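Participant: Have a look at this one.
The values are calculated or read from the model by the stated rules, or taken from the named source; none is laboratory data. Note that the coordinates shown come from a computational prediction; the quantities given were computed from them, not determined experimentally. Here Cβ is always computed from backbone atoms with ideal geometry, including for glycine, and neighbour counts include all displayed protein chains. Each accessible area value is taken on the protein alone, full model and side chains, heavy atoms only, with ligands, DNA and RNA left out. Shrake-Rupley method; radii C 1.70, N 1.55, O 1.52, S 1.80 Å.
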Amino acid sequence: MPFGYHGRYLRIDVSTGTSEYVPLSEAILRQYLGGSGLGVKLLLDEGAAVMDPLAPEAPLVFAFSPLVGSPLTTSAKFAVVSKSPLTGRINDSLASSGFAIAGKACGCDAIVLVGRAAELSALVIDEAGVRMESAAEYRGATCRETETGLKARLGANYRVASIGPAGEHLVRYATISHDGRHAGRGGSGAVLGAKNVKAIALRGTHRAEWANPGELTTISKSLSKRSFGPATAKYRELGTATNLLTFNRFGALPTRNFQSGTFEEAASLSPEQLSTTRSRTRESCVSCTIGCEHIYSLGSGGVRVEYESLFALGSLCGVSDADAVLRASQRCDELGLDTISTGGTIAFAMECVERGWLDEPWLVFGSGDALLRAIDLIGSRQGIGNLLAEGSRRAADAIGHHSIDFAPQVKGLEIPGYEPRALQTMALGFAVGARGADHNRSGAYEVDFSDKVDRRHVTLDAVRHAIDTEDKAALMDSMIICKFLRGVFEDFHAEAAEMLRSVTGWDVNADELRETAKRIISAKRQFNLLAGWTPAEDTLPERFLSTPLPNDPDASLSRERLDSLVAEYHRQRGW
Amino acid sequence: MHVEFLGVPRQRAGISELEVQANTLGQLLGTLATQIPPLGEFIAVDRLHSSFIANLNGDQFISDPATPLVKDDRVLILSADAGG
Ligand code: SF4
């Protein structure tokens with residue numbers, strides 16, 4: 001068995017509760033590492049690309065990593081990988097934290113679920129083995145209630161991942177939640193819901209050995225020390241929410257369903273303003289020395305405030321009432337809904353109402369009450385919520401009137417909070433993203449916020465930079481290490497190789513890791529090709545290609561320009 | 001010229017805007033490091049730490065200390081990492 005791994009995955013058929021350990025060769029582990037990379041490889045082997053993602057036979061993979069459980073800061077993460085019920089393409093979502101450590105302590109490098117349980121169930125894996133228990137009492141329970149309830153039943157030292165009501169109702173962008181964090185994008189919660197599995201509870205005692213523990217400790221200390229420096233100050237001191245005013249200043253804050261890049265009331269949602277009337281605490285994932293999670297008080301509890309939630313439920317829906325936006329974010333967490341897709345789909349519906357194409361007169365831009373009502377309807381699939389639970393692309397298909405032209409999605413995945421016309425390297429990243437419009441699998445916005453390109457007039461030179469960020473993300477998501485750490489590395493590939501050498505003992509170097517990243521990107525593409533991908537999917541909705549941003553005529557992106565960027569991307573990828 | 005602070009630089013500076021006289025980006029940063037000591041951690045002589053970046057008039061991001069500035073320019077200082 002290679003150092004850093006268990007050399008096997010656990011395959012469970014939840015229809016019967018039967019399970020088997022399947023060996024993983026050292027060659028496969030070295031080629032795909034873990035996390036996203038290993039997850040995609042296992043899905044390809046399972047033939048998942050051609051399956052209905054909500055069918056019982058469709059596999060859902062929880063993939064751990066060689067670094068998890070080590071003292072390396074930010075390494076307690078896991079990937080949830082499946083075919084997306086929202087996009088019909090590959091979906092890999094990452095979450096933190098104790099669940100990842102517990103999963104690996106169960107003696108496997110991944111858990112693959114297939115089948116469908118006869119009743120709503122909890123899957124329990126511990127020293128006694130694998131078993132299914134009834135979760136009927138948690139039907140309709142929030143993620144937090146389920147987690148708390150199962151820990152009370154099984155023991156506080158179990159780590160639990162669960163779905164909320166949205167997952168039970170197969171909302172196509174339902175999340176899987178653990179300890180308040182979510183494997184958020186692409187609907188993995190619906191895949192688990194389709195298996196009739198409400199939660200997974202893990203406890204284990206297995207330890208993977210490190211090849212060179214002394215060296216690993218030295219590297220870990222150095223990394224932790226650097227994680228307290230300026231490179232992570234943004235995340236520690238203000239959190240990602242600080243993007244809001246910055247993006248607004250650059251005309252890059254998506255507003256009212258991408259009809260504008262500036263929100264006149266953005267200041268009311270800024271962390272500076274939020275903290276004038278609310279107390280704020282900071283939390284972090286297990287094994288993290290950064291602590292980017294800023295929790296603001298709300299009623300008798302608190303809510304984790306992140307830029308993506310603020311933008312999607314705030315400016316994108318035209319809502320400036322901070323209380324309503326925080327409540328909406330909290331409600332999404334409870335129901336187990338991806339805040340980006342929720343906000344994107346609601347904002348799209350608001351524009352359809354404005355144009356008279358949807359007869360829901362209450363659903364208007366700027367209304368916090370409408371936002372909250374829509375979220376509850378989506379979580380329960382009632383009324384208009386049943387349509388909106390399908391995501392903006394399917395909703396546009398049903399509404400007609402060419403509304404697909406402004407449905408804010410790529411490949412069906414709603415666009416995150418980076419206005420593509422103002423950040424055109426990111427526009428390319430969104431267009432070509434294997435899982436759709438995504439800011440976690442492509443960090444192309446880094447290029448736009450640099451002196452490498454002119455963000456509103458990018459040229460073909462931007463393509464290689466966009467590819468670099470995508471490759472780096474693939475590596476970070478497979479090793480796994482948090483992207484908020486990326487600023488501390490002088491030479492990421494060299495340091496990543498050093499980490500892997502100390503954990504696995506492999507003679508891996510930076511060049512090998514560059515190849516590994518490309519292999520993982522290619523595996524995702526192979527999955528999508530099998531699932532029916534065509535080049536026409538690598539684009540943006542018509543709105544972005546025919547309408548400049550108001551108040552910023554320079555923020556204009558033509559179809560011709562995007563097509564040429566995409567073609568160059570495909571050429572440089574060798575596709 | 002006019003300097004705007006965003007995000008962490010704004011928090012450290014304790015102000016959102018400031019008028020400064022300078023002919024180049026390097027001069028401007030040197031002045032800021034002196035006038036606003038909490039920003040000093042992010043400025044090495046005439047350059048920003050790599051985690052921070054300057055932008056000219058909302059258009060071009062700039063890093064060369066020799067970049068010329070004129071009276072009506074607006075220089076924005078912000079975190080380079082736009083991850084969300
Ligand atoms: S930086 Fe934030 S998301 Fe990343 S590991 Fe730390 S707390 Fe978790």
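Participant: If the cut-off is 13 Å between C-alpha atoms, which aspartates and glutamates fall inside it for A:Lys77, apart from same-chain ones fewer than 8 positions away?
Facilitator: A:Asp92, A:Asp109, A:Asp179, A:Asp477
Participant: Moving to a separate point now. Taking 50 Å² as the minimum loss, tell me which residues in the stretch B:1-43 lose that much accessible area going from the chain by itself to the full protein complex (1.4 Å probe).
Facilitator: B:Leu6, B:Val8, B:Gln11
Participant: Chain A: percent of C-alpha pairs farther apart than 44 Å?
Facilitator: 10 percent
Participant: Over all directions, what mean area does the Cα convex hull of the stretch B:2-79 project, stated in square nanometres?
Facilitator: Answer in nm², one decimal: 4.2.
Participant: Restricting things to alpha carbons, tell me how big the stretch A:114-240 is in terms of Rg and Dmax, in Å.
Facilitator: That works out to 18.4, 52 Å for Rg and Dmax.
Participant: For the stretch A:448-494, what is Rg from Cα atoms divided by 2.2 N^0.38 Å, rounded to two decimals?
Facilitator: Expressed relative to 2.2 N^0.38 Å, the Cα Rg reads 1.30.
Participant: Next question, about the same structure. Just add up the charged neighbours of A:Thr339: K/R +1, D/E -1, any other residue whose Cβ is under 11 Å from the Cβ of A:Thr339.
Facilitator: In short, -2.
Participant: Taking amide H atoms as placed 1.01 Å from N in the peptide plane, list the residues 5 or more away in sequence, or in a different chain, whose amide H sits under 5 Å from that of A:Glu293.
Facilitator: When sequence neighbours closer than 5 places are left aside, the close amide H contacts are A:Glu283.
Participant: Follow-up. What translational diffusion coefficient, in µm²/s and rounded to a whole number, does the Stokes-Einstein relation yield for the stretch A:424-573 at 20 °C and a viscosity of 1.002 mPa s, taking the hydrodynamic radius as the Kirkwood radius over Cα pairs?
Facilitator: 130 µm²/s
Participant: In what order, largest first, do B:Val3, A:Val353 sit by accessible area if the probe radius is 1.4 Å?
Facilitator: Result of the area sort, largest leading: A:Val353, B:Val3.
Participant: Is it possible to state the helix-based mean residue ellipticity at 222 nm for chain A, with each DSSP H run of 4+ residues giving -39500 (n - 2.57), the sum divided by total residues, to the nearest 500 deg cm²/dmol? What is it?
Facilitator: -12000 deg cm²/dmol
Participant: Continuing with this model, one more query. Not counting ligands, DNA or RNA, and with a 1.4 Å probe, what is A:Cys292's accessible surface area in Å² rounded to the nearest 10?
Facilitator: Surface open to solvent at A:Cys292 totals about 40 Å².
Participant: Given the convex hull over the Cα atoms of the stretch A:203-262, what projected area results after averaging over all orientations, in nm²?
Facilitator: The Cα convex hull of the stretch A:203-262, projected and averaged over all directions, gives 8.2 nm².
Participant: To continue, here is another question. Could you work out the relative contact order of the stretch A:424-573? I mean the mean sequence separation of Cα pairs under 8 Å and 6+ apart, divided by the number of residues, in percent. Working shown, then result.
Facilitator: Working: 160 pairs, mean separation 39.5, N = 150.
Dividing the mean separation by the residue count of the stretch A:424-573 yields 26 percent.
Participant: Take the cross-link list A:Lys234/A:Lys483; A:Lys452/A:Lys483; A:Lys151/A:Lys198; A:Lys41/A:Lys524; A:Lys195/A:Lys411 and give me the ones stretching past 18 Å between alpha-carbons.
Facilitator: A:Lys452/A:Lys483; A:Lys195/A:Lys411
Participant: Roughly what % of Cα-Cα distances in the stretch A:8-202 sit above 26 Å, to the whole percent?
Facilitator: Distances greater than 26 Å cover 21 percent of the Cα pairs.
Participant: Defining a contact as two alpha carbons under 8 Å apart and six or more residues distant in sequence, what relative contact order in percent does chain A show? Don't jump to the answer; show the numbers that get you there.
Facilitator: Details: 1371 pairs, mean separation 90.9, N = 575.
It comes to 16 percent, rounded to a whole number.
Participant: Here's something else I'd like to know. Give the A-B buried accessible area in Å², both sides summed, 1.4 Å probe, nearest 100.
Facilitator: On the way: alone 19390 and 4880 Å², together 21890 Å².
Interface between A and B: roughly 2400 Å².
Participant: Could you state how much accessible area A:Trp575 has, in square angstrom rounded to the nearest 10, with a 1.4 Å probe and all protein chains kept in place?
Facilitator: Number for this one is 90 Å².
Participant: In whole Hz and in residue order, list the ³J(HN,Hα) couplings for the stretch A:503-508 that follow from phi through the Karplus curve 6.51 cos²θ - 1.76 cosθ + 1.60, θ = phi - 60°; x for Gly and Pro.
Facilitator: Result, ordered by residue: 7, 9, x, 5, 8, 6 Hz.
Participant: Okay, moving on. According to the square roots a ≥ b ≥ c of the eigenvalues of the Cα gyration tensor, what is the shape class of the stretch A:1-93, taking rounded for a/c under 1.5, prolate for a/b larger than b/c otherwise, and oblate for the remainder?
Facilitator: Prolate is the answer for the stretch A:1-93, as a/c is 1.5 or above and a/b outweighs b/c.
Participant: How far apart, in nanometres, would the label points at A:Glu512 and B:Glu17 be if each is projected 7 angstrom from Cα along the Cα-to-Cβ direction?
Facilitator: Taking the two extended label points, one gets 5.6 nm.
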